Every structure is written in structure tokens, then in C-alpha cells.
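Okay, so here's the structure we're looking at.
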Amino acid sequence: MSQRFFKSNARILAMLLGQNGDPRFVHKMKNHIRKVLIQNLQLTTQQITPQLQLLIEFIINGHLQVLVYCYEHDSPLSPLDFWLKLRSFIDQPALLAAMTAKSDKSP
């Protein structure tokens, strides 16, 4: 269903998410993706550090730009395929370990 939705609405999504898009739509879309990502990674509120929030924001912004890119460049990789591939690389323990605050040991 999602793949069909993205294919049938690709032009509209690219327009809403693009340079001259609708900031309110982008904000709502980002909030929805954030909730889904946190659910899929089974993160608790205690695990969501400021560093992890920044990484989640980075992932979401990248994903939304991939949606636009796929449409603008008529990519053979659908946004849903991209998301499924990306999701397979996101490992909750590794993500949490990477975002744990470490002491700065620089001179």
C-alpha cells in the first residue's frame, strides 16, 4: 500500500517537500516519521539523548530529500525501497552506542 501511495502521489509529495514546498506539511511529515522511527527502534524516552535527537533529525531530513530526489531524477529505486534498505542498516544498540556522550580527550 505504501509503495502504491508513493508512486501515485510522487509529484505532489515532491512539490510539498521541495524548495518551494509547504513548511507545515514538512513539519507534520517529519513528526510522523520521527514517531515511526522511534517505535521501530523501540527507543524509550530515557534513551533519546540530545545527540540521538540530532541523528534522528538528520535521518529524517535525508529521507525526505531522497523522496524529492527519486521523483526529480526518475530514480529506479522507489522511496519505499530506499527506506527499507536504510532501515536494515539502522541497528538500535549500535545507534545508541554511537550517540552515547563520550568525554572529550582532545588536548
Problem set entry | Output for segment 10-20, where each listed residue is open to solvent by 40 Å² or more (accessible area, probe 1.4 Å) and in a loop (DSSP other than H, G, I, E, B) | GLN19, ASN20
Problem set entry | Selection status of VAL66, β-branched (Val, Ile, Thr), assigned to a helix (DSSP H, G or I), out of contact with any Gly (no Cβ under 7 Å at 6 or more places or on another chain) and surrounded by fewer than 16 Cβ atoms within 10 Å (Cβ to Cβ) | no
Exercise. Quick check: anything in segment 21-38 assigned to a loop (DSSP other than H, G, I, E, B), free of Cβ contacts under 8 Å to residues at least 40 places away in the same chain and open to solvent by 70 Å² or more (accessible area, probe 1.4 Å)?
Worked result: no
Problem set entry | Sole exception among (1) assigned to a helix (DSSP H, G or I); (2) at pLDDT below 85; (3) open to solvent by less than 40 Å² (accessible area, probe 1.4 Å) for ILE56, by number | (2)
Exercise. Is one or more of the residues making up segment 21-44 farther than 20 Å from ALA97 by Cα, among the polar types (S, T, N, Q) and modelled with pLDDT under 90?
Worked result: no
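The values are calculated or read from the model by the stated rules, or taken from the named source; none is laboratory data. Because the structure is predicted, anything quoted here is derived from the model rather than measured. Every residue, glycine as well, gets a Cβ built from its backbone with ideal geometry; the counts of neighbours run over all protein chains shown. Please note that ligands, DNA and RNA were not included when accessible areas were found on the heavy atoms of the full protein model with its side chains. Shrake-Rupley method; radii C 1.70, N 1.55, O 1.52, S 1.80 Å.
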